[in-house]
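Before anything else, here's the structure in question.
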Amino acid sequence: MSGIANAFRRHPELMVAAVLVLTVVTIGLVNPVFWQPSNLFSLLRASVVTGILGLAVLLVMLSGGIDVSFPAFAIAAMYLTVKAMIAWGFDSILPAFAMATGIGLLLGLVNAVFVHYLRMIPLIVTLGTGTAVRGFILGVVGTSQINIDQMPPKLIDFARTQLFSVTQADGSQAGLSAMVLVYAVVALLIHLLLRHTMLGRGIYALGGGEEAARRVGFNIRQTTFLIYGLAGAIAGFAGLLHGAMIWTANPRDMVGLELDVIAAVVLGGASIFGGRGTVIGTILGGLTLVVITNSLIILGIDTTWQRVVVGLIVIAATAATAWRDRKRIA
Amino acid sequence: MTAPLIELRHVGKSFAAVRALEDVSLSIGRGEIHCLAGENGSGKSTLIKVISGVWQPDQGELLIDGQRIESMTPRAAITHGVQVIYQDFSLFGNLSVAENLALSSELQEGRKLVSWRRVREIARRAIDRLGVDLPLDALVETLPTSGKQLVAIARALMSDPRLLIMDEPTTALTGREVAALFRVVRDIQSRGIAVLFVSHKMREMLEISERLTVIRSGRVVAAGPISEFDEAAITRAMTGQEIAAEGYRWKPSPNAAPLLEVENLTIPGQLEDVSLRILPGEIVGVSGLLGSGRTELALALFGMQPGYTGRIRIAGQEVRLDSVQHAIEHGIAYVPEDRLTEGLFLAQTIDRNMLATSLGRLSRAGVVQSGRAARDAAGMIREMAIATPTGDRPVTQLSGGNQQRVVIGRWLLNDPRLLILNGPTVGVDVGSKSGIHRKIRELARARGLGVLMISDDLPELVENCNRILVLHRGRLVSDTPVEATSETALGEQLAALA
């Protein structure tokens, strides 16, 4: 096998990186507006929530499962937290994020209970819990959208923080959201967990084979609870971050987002069969997806095509990884 | 006299109403290579699991170094130096060789963080200790079976075991890999580690082990030093019946018209100028090392190598076999090597598996005539003597031998003229093996079926074939009547080619 093909097989991230570069260069050639700092910064900002949710899905997919409940959990955590902040009149960042993360964690542990003790298929479990949680929020907590005038001001101020800003050619200012940094920190923590702790290696081992993982001495229950609990917690965190960044808390938000996020993770080289995938790949996959879907406008393509593009990306990326994994197994 | 390393005394174990083990006594000395033989379902795996602490025996006792062990758990077994290498190796294909080797010891030490440098060091030491060469950074799934097995052995040796149990270690290995494995096993033995070798292949038992224990239906039926056994004695003990190698005595008439004629069959890089003939009722064996082109030959005859050059005639008529559909139309049937992945629909019933290639014939206007289908399937279950009360059971419930009968039976329903069998009894135990052999010979003789039998198992070829072809690097190097050759001669011929 040639050196390049080999490098791609050993480091699937290189493939995603190549796709990303190709996409960016193509779009930039069609419409140079793409290269304006304001556009680039807004793409980075747009990839923050998708990317963080992608990391949650990555954890589950590595273990051989799949999660479609996280948008519901994210919205539930966000809506409940914002409601509580307004009702109890607390407006500080850390307790708010702690609460959202905690709600996500609890919901994630519910998934773990079903998956571990009842040995249910993760897809069915998370379809069920996700739907139930959405129903609960709309039916019991409320259906009304909380707009900017009611949103806790500190939350909005936090999400508006900029790392730096530059003056563009036309004299306008373009700033890079500090949320990119939050994303980087979450990504780094997950990377360290996956790469440098036994708990993280246990997730890969579980994805490689549950029976084998049990035989070498991994605690399967602990690992399963860690995976789904952490995925839920990350989703809760990302949910509140999302609300803060768009200045609204809408209980009907993020419907259908699971497909975009799963597309990003698969595009990032994670295997739908488990055991394969990296944080850096997921980040690149998320960026690629965001760049493609958000650039349709500047490419002059009607945005109604966005869902078609997402669907095609899921199919193409899954086909590519499935083809790769089959070649490995054969 | 010192106590044996491990001793079982009158061990019994039942599951629900089934007695899996009854009054089993067994002792393994230090540094001894002990062979545990028995057919599928004889209780071998239960016995391994009792020794390794997975299951507690209902009766009897387990002693290590003469000390009675009250309650054996998997952890206690490991502490006492018992390591098991399961047939599936329990490795992680998605992780590197180094990590596979280091994981269990890191977990045993209760480490929370991973130092990749230490992982590599641990792995390097493990590999050095085994004295083999393995790429530390390669993903385990990219290794051949023999490489995966070495990783599993290296990992087992890391905890300084005193007894290494290997469950059917040679199943997926080629002859040369088996020889390499035996060198490793002898090397392990030379360090004073005992090996319990679980197998149902006689040749291997006789070659590697010092002592043998044969179990059948959960009881020990024979035990002793290997020198007291020969193949016939082991077979008798394993099956409880006399299975004599009878040979295929039927001779085709010399002026019969050939069923299949192949002239100058060539597939670039795979087969070179292969010519052969098969008469009706004739069983022709094909042997050769891995990569000799024998599977490619079978695939070409089954229409899966459309790019071939050369001529193929069936019953005197020239045909072009460039699709499986054509091959089937010309009466060719192929039973693949790996029946689990290529030959069977594992999630389906016996009947459905049996009828898989007959549905077209059994349909009228696109609708399967279920009455005829059921009759055909039931008839074939009887003809192939498949051990099942009804055909609506899942095919996975059958033993390896019976599954193979389903695959063969499926093709017989199409009334083929040429049956190609690739490794017809791989993974099938001795008793059903001779049953399958008898059936194949009977079919060839009664139906005038031509059979091309590809096999690694030389006794199988000598016992069943009229002629034996040897392929090497895509060329036909010999075509010998069975009377003019023997297992030993064939073995030497193949060894010389390696």
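Throughout, read-outs are computed from the coordinates displayed, never taken from laboratory work. Quick caveat, the model's predicted, so the values are computed rather than measured. FYI the Cβ positions are ideal-geometry reconstructions off the backbone, even for glycines, and counts take in every protein chain you see.
Taking the Cα centre of the protein assembly as shown as the origin, how large is its charge dipole in debye, to the nearest 20, when only Lys and Arg (+1) and Asp and Glu (-1) carry charge on their Cβ atoms?
About 820 debye.
In chain A, which whole DSSP H runs stretch at least 24 Å along their own axis (Cα) and average -1.0 or higher on the Kyte-Doolittle scale?
A:12-30, A:37-62, A:70-88, A:93-117, A:179-196, A:220-246, A:306-329
Under the rule of at least 5 residues apart or a separate chain, name every residue whose amide H is placed under 5 Å from the amide H of B:ASN40.
Counting only residues 5 or more places away or on other chains, the set is B:ASP429.
Sticking with this one: Just check segment A:3-329 against the gyration tensor rule for me: Cα atoms, a ≥ b ≥ c as the square roots of the eigenvalues, rounded for a/c under 1.5, and otherwise prolate or oblate depending on whether a/b exceeds b/c.
Oblate, since a/c reaches 1.5 and b/c is not below a/b.
Tell me which lysines have Cα within less than 19 Å of A:LYS83's Cα, excluding those fewer than 8 residues away on the same chain?
Straight-line reach from A:LYS83, under 19 Å: A:LYS154.
If you place +1 on the Cβ of every Lys and Arg and -1 on the Cβ of every Asp and Glu, how big does the dipole about the Cα centre of segment B:89-143 come out, in debye to the nearest 20?
260
Also: Give me B:LEU21, B:LEU344 sorted ascending by neighbouring Cβ count inside 10 Å, so fewest comes first.
Arranged by neighbour count, lowest to highest, B:LEU21, B:LEU344 become B:LEU344, B:LEU21.
If you don't mind, another one. If you average the sequence gap of Cα pairs under 8 Å that are 6 or more apart and divide by the length of segment B:260-497, what percent do you get for the contact order?
30
What is the mean number of Cβ atoms from other protein chains located within 10 Å of the Cβ atom of each residue in peptide B:416-422, rounded to a whole number?
Shielding by partners across B:416-422 averages 0.
With the contact rule set at Cα under 8 Å and sequence spacing of 6 or more, what percent relative contact order holds for segment B:6-239?
29 percent.
How shielded is B:94-107 by partner chains, expressed as the average number of their Cβ atoms within 10 Å of its Cβ atoms?
Neighbouring Cβ atoms belonging to other protein chains average 4 per residue here.
Return the long-range amide H neighbours of B:SER25 (sequence gap of 5 or more, or a different chain), with a cut-off of under 5 Å between placed amide H atoms.
Residues meeting the amide H criterion: B:HIS10, B:VAL11, B:VAL220.
Along the Cα→Cβ direction, 7 angstrom out, place labels at A:THR161 and B:ALA257. What is the inter-label distance in nm?
Those two pseudo-labels are separated by 9.1 nm.
Tell me, A:PHE225, B:PHE197, A:PHE90 in order of fewest to most beta-carbon neighbours within 10 Å?
Neighbour counts put them in this order, fewest first: A:PHE90, A:PHE225, B:PHE197.
Rounded to the nearest 5, what % of DSSP beta bridges with both residues in chain B are antiparallel?
Approximately 55 percent, going by the DSSP bridge assignments.
In deg cm²/dmol, rounded to 500, what helix-only [θ] at 222 nm does the protein assembly as shown give when every DSSP H run of at least 4 residues adds -39500 (n - 2.57) and the total is split over its residues?
Calculated from helices alone, the mean residue ellipticity at 222 nm is -15500 deg cm²/dmol.
For the pairs B:LYS13/B:LYS49; B:LYS13/B:LYS201; B:LYS13/B:LYS433; B:LYS251/B:LYS439; B:LYS148/B:LYS433; B:LYS201/B:LYS433, flag any whose C-alpha to C-alpha distance is greater than 20 Å.
B:LYS13/B:LYS201; B:LYS13/B:LYS433; B:LYS148/B:LYS433
Between the alpha-carbon centers of segment A:72-134 and segment B:395-424, tell me the distance in whole angstrom.
Centre-to-centre distance over Cα atoms comes out at 54 Å.
Which whole-number percent gives the relative contact order of chain B, counting Cα pairs below 8 Å spaced six or more residues apart?
After rounding, I find 15 percent.
If you wrap a convex hull around the Cα atoms of the protein assembly as shown, how much volume per residue is inside, in Å³?
218
Also: Where does each of B:131-141, A:270-280 land if you order them by average Cβ count within 10 Å, highest first?
A:270-280, B:131-141
So for segment B:6-239: antiparallel DSSP bridges make up what percent, rounded to the nearest 5?
55
Among DSSP beta bridges whose residues both lie in the protein assembly as shown, state the antiparallel percentage, nearest 5.
For the protein assembly as shown, the DSSP antiparallel bridge percentage is about 60.
Helix by helix, which DSSP H runs in chain B go 27 Å or more along their axis at the Cα atoms and have an average Kyte-Doolittle hydropathy of 0.5 or more?
Qualifying helices: none.
To continue, here is another question. What's the exposure ranking of B:ASP456, B:ASP351, B:ASP322, B:ASP230, going from fewest to most Cβ atoms within 10 Å?
Result, fewest neighbours first: B:ASP230, B:ASP322, B:ASP456, B:ASP351.
Rounded to whole Å and sorted largest first, list the principal axis extents of the Cα atoms in chain B.
73, 50, 49
Right, something else. Residues of segment B:95-114 with the amide nitrogen closer than 15 Å to a label point 7 Å from the Cα of A:ARG195, along Cα-to-Cβ, please.
Residues passing the 15 Å test: B:114.
What FRET efficiency do you get for B:GLU383 and A:THR143 if R0 is 45 Å and r is their Cβ-Cβ distance, rounded to the nearest 0.05?
0.10
Take every residue in peptide A:214-222, count the Cβ atoms of other chains within 10 Å of its Cβ, and give the average of those counts.
Averaged over the peptide's residues, the number is 4.
Starting from the Cα of A:ASN219, step 7 Å along the direction of its Cβ; do the same at B:ALA496; then give the gap between the two resulting points in nm.
6.3
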